[in-house]
Amino acid sequence: TALKKTAVERINTAGVDVESLRVKLLGRKGELTTLLKGMKNVPAQDRKTVGEVGNHVRQTITNLLAEKKAAEEVAKLNKQLASETIDVTLPGSSHVVGQPHVLQQIIDEIEQHFLGLGFKIIDDTVDSPEVETDEYNFERENLPKDHPARDMQDTFYITPEILLRTQTSPVQSRSLEKHDFSKGPLKMIAPGKVYRRDTDDATHSHQFHQVEGMVVGENITMADLKGTLLSIMQALFGEKHQIRMRPSYFPFTEPSVEVDVSWNEVTPDMKPEDIEWIEVLGAGMTHPNVLRMDGVDPEKYSAFAFGLGPDRFAMLKYGVDDIRQFYLNDIRFLSQFNQKG
Ligand code: FA5
């Protein structure tokens, strides 16, 4: 009975380790066990009583230990729950989410516009190589080897026959070769990178982008070209910027034009000489020689083509005064053009 009393006290005051207390009291060499082992020394008539008391004490201690252990586990669980609680009212931590490069955004806008006009987009991984042959980049564009207009595009040559394309115009020939006119006219655009040995300045980069466009079919006229160009310009710039078409020269188009856009909004009080222009594209009616070299009969079909500069479009649209900004990869500059605002 004395053991029971101290055992109860010890259980109640026991700290964390109920298990080691159980071993001490009830284990094979435990205090109660040792006591009960001494039964053989107890006189026979008292053994029954002592045995009952012993069992009662063991039962009490076992129950108490079980309770204590359960209580301990509940306490442990509560502590864990408290420490792992999520406070849903705390402000979330925000992540930096990337976005397409501003030039890619402009190219996407141009593509969407032309898709709406029924043009197809040439896959630039297959039919629009950046490493081109002299034949496709120049000769098939009506620029034979000794043609003086080759000087218009200073070229990075890899070998005398292989070069980094200076324009997306070679995609004209590559698309025409594959086109089946029994299925209707060819209407395509081809966006991609081009390279020139230009000296970098505010409006020139040695590597920039072009979007080539071409429509080949029966009765395609200069009016179709003008309408198409006006529609893309208005889609991108709205009414704010003035657009002008100037006669120009390209060996692969006749007649040829260049399109300029005004840097700023043009107001009625402005004199023509006050308007500042930037050239954004070249275009024209495809030269019969080009059609012939691509296996198209110029008596039956006519065509227009254009090559526009999305880098210059982006400069105008966002008021960026130096093209080199697009290629510095300064995240502080680029993150201004987050589509999600
Ligand atoms: C051409 O490259 C012709 N292939 C365009 C063409 C296609 C005409 C089909 C007729 C028919 P040009 O060299 O002018 O033309 O370049 C076209 C556009 O590319 C320019 O209007 C300008 O927007 C852009 N561009 C040209 N050079 C650079 C440069 N160094 N940096 C940035 N943009 C440039």
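Read-outs throughout are calculated quantities, based only on the coordinates presented, and are distinct from any laboratory measurement. Note that the coordinates shown come from a computational prediction; the quantities given were computed from them, not determined experimentally. Neighbour counts run over all protein chains shown; Cβ positions are idealised from the backbone, glycine included.
What pairs in Lys40/Lys69; Lys120/Lys145; Lys178/Lys317; Lys193/Lys300; Lys271/Lys317; Lys145/Lys317 have C-alpha atoms more than 29 Å from each other?
Values: Lys40/Lys69 33 Å; Lys120/Lys145 32 Å; Lys178/Lys317 35 Å; Lys193/Lys300 33 Å; Lys271/Lys317 23 Å; Lys145/Lys317 38 Å.
Long pairs (Cα-Cα over 29 Å): Lys40/Lys69; Lys120/Lys145; Lys178/Lys317; Lys193/Lys300; Lys145/Lys317.
Tell me what the chain gives for mean residue ellipticity at 222 nm when only DSSP H runs of n ≥ 4 count, each as -39,500 (n - 2.57), the sum divided by the residue total, rounded to 500 deg cm²/dmol. Intermediate values should be presented prior to the final figure.
Details: 11 runs with 132 residues, N = 341.
Per the formula, -12000 deg cm²/dmol.
Which one, Ile11, Leu117, Phe250, projects farthest toward the positive side of the charge dipole computed for the chain from Cβ point charges (K/R +1, D/E -1)?
Ile11
Could you go through the stretch 17-31 in sequence order and give the Karplus-derived ³J(HN,Hα) for each residue, using 6.51 cos²θ - 1.76 cosθ + 1.60 with θ = phi - 60°, rounded to whole Hz, and x for Gly and Pro?
Ordered by residue, 3J(HN,Hα) equals 8, 5, 4, 6, 5, 4, 4, 4, 8, 10, x, 4, 10, x, 4 Hz.
Rounded, prolate or oblate: pick one for the stretch 86-210, where a ≥ b ≥ c are the square roots of the eigenvalues of its C-alpha gyration tensor, a/c under 1.5 means rounded, and failing that, prolate if a/b is larger than b/c, else oblate.
Details: a/c = 3.09, a/b = 1.64, b/c = 1.88.
The shape class here is oblate.
Sort Arg332, Arg174, Arg165, Arg197 by Cβ crowding within 10 Å, fewest neighbours at the top.
Arg332, Arg197, Arg174, Arg165
Please list 3J(HN,Hα) in residue order for the stretch 114-124, calculated via the Karplus relation 6.51 cos²θ - 1.76 cosθ + 1.60 where θ = phi - 60°; whole Hz, with x for glycine and proline.
6, 4, x, 8, x, 7, 9, 9, 6, 5, 6
Summarise the long-distance tail of P(r) for the chain by giving the % of C-alpha pairs beyond 28 Å. Kindly include the intermediate steps, with their values, before the conclusion.
On the way: 34594 of 57970 pairs.
So the portion of pairs separated by more than 28 Å is 60 percent.
Please give me, ordered by residue number, the chymotrypsin sites (Phe, Trp or Tyr not before Pro) of the stretch 228-276 that lie in loop per DSSP and have at most 11 other Cβ atoms within 10 Å. Let's see the in-between values first.
Values: sites: Phe237, Tyr249, Phe252, Trp263; in loops: Phe252.
The qualifying sites: there are none.
Most exposed first by the Cβ proxy, i.e. fewest other Cβ within 10 Å, how do Ile189, Ile278 rank?
Values: Ile189 26, Ile278 15.
The order, fewest Cβ neighbours first, is Ile278, Ile189.
Work out the length of the dipole vector of the chain about its Cα centre, built from +1 on the beta-carbon of each Lys and Arg and -1 on the beta-carbon of each Asp and Glu, and round it to the nearest 20 debye. Walk me through the numbers before you get to the answer.
Details: 40 positive and 52 negative charges, 910 e Å.
That gives the chain a dipole magnitude of about 4380 debye.
Which shape class applies to the stretch 25-73: rounded if a/c is under 1.5, otherwise prolate when a/b exceeds b/c and oblate if not, where a ≥ b ≥ c are the square roots of the Cα gyration tensor eigenvalues? It would help to have the intermediate numbers written out before the result.
Working: a/c = 6.42, a/b = 2.22, b/c = 2.89.
It is oblate, given that a/c is not under 1.5 and a/b is not larger than b/c.
Tally Lys/Arg at +1 and Asp/Glu at -1 over every other residue whose Cβ is under 12 Å from the Cβ of Asp201; what's the total? Each step should come with its number before you reach the end.
Numbers: positive: Arg324; negative: Asp198, Asp200, Asp321, Asp322.
Result for the local shell: -3.
Defining a contact as two alpha carbons under 8 Å apart and six or more residues distant in sequence, what relative contact order in percent does the stretch 54-211 show?
On the way: 148 pairs, mean separation 32.6, N = 158.
The value is 21 percent.
Counting other Cβ atoms within 10 Å, which GluC sites (Glu not before Pro) in the stretch 253-341 have at most 13 and lie in a DSSP loop?
Numbers: sites: Glu258, Glu265, Glu273, Glu276, Glu279, Glu299; in loops: Glu276, Glu299.
Loop-located and lightly packed - Glu276, Glu299.
Please label the shape of the stretch 162-230 as rounded, prolate or oblate, based on the square roots a ≥ b ≥ c of the eigenvalues of the alpha-carbon gyration tensor (a/c under 1.5 means rounded; beyond that, a/b larger than b/c means prolate, else oblate).
Numbers: a/c = 3.72, a/b = 1.73, b/c = 2.15.
Judged from the Cα gyration tensor, the stretch 162-230 comes out oblate (a/c at least 1.5, b/c at or above a/b).
Across the stretch 318-324, in residue order, what do the Karplus-derived ³J(HN,Hα) couplings come to in whole Hz, using 6.51 cos²θ - 1.76 cosθ + 1.60 with θ = phi - 60° and x for Gly and Pro?
10, x, 8, 8, 9, 4, 5
Please list, in chain and number order, the residues 5+ apart from Gln167 or on another chain whose amide H is under 5 Å from its amide H, with Hs placed from the backbone.
Sorted by chain and number, the residues that satisfy this are Tyr195.
May I ask you to sort Leu334, Leu77 by Cβ crowding, counting other Cβ atoms within 10 Å and putting the fewest first?
Details: Leu334 18, Leu77 10.
Ranking Leu334, Leu77 by Cβ neighbours within 10 Å, fewest first, gives Leu77, Leu334.
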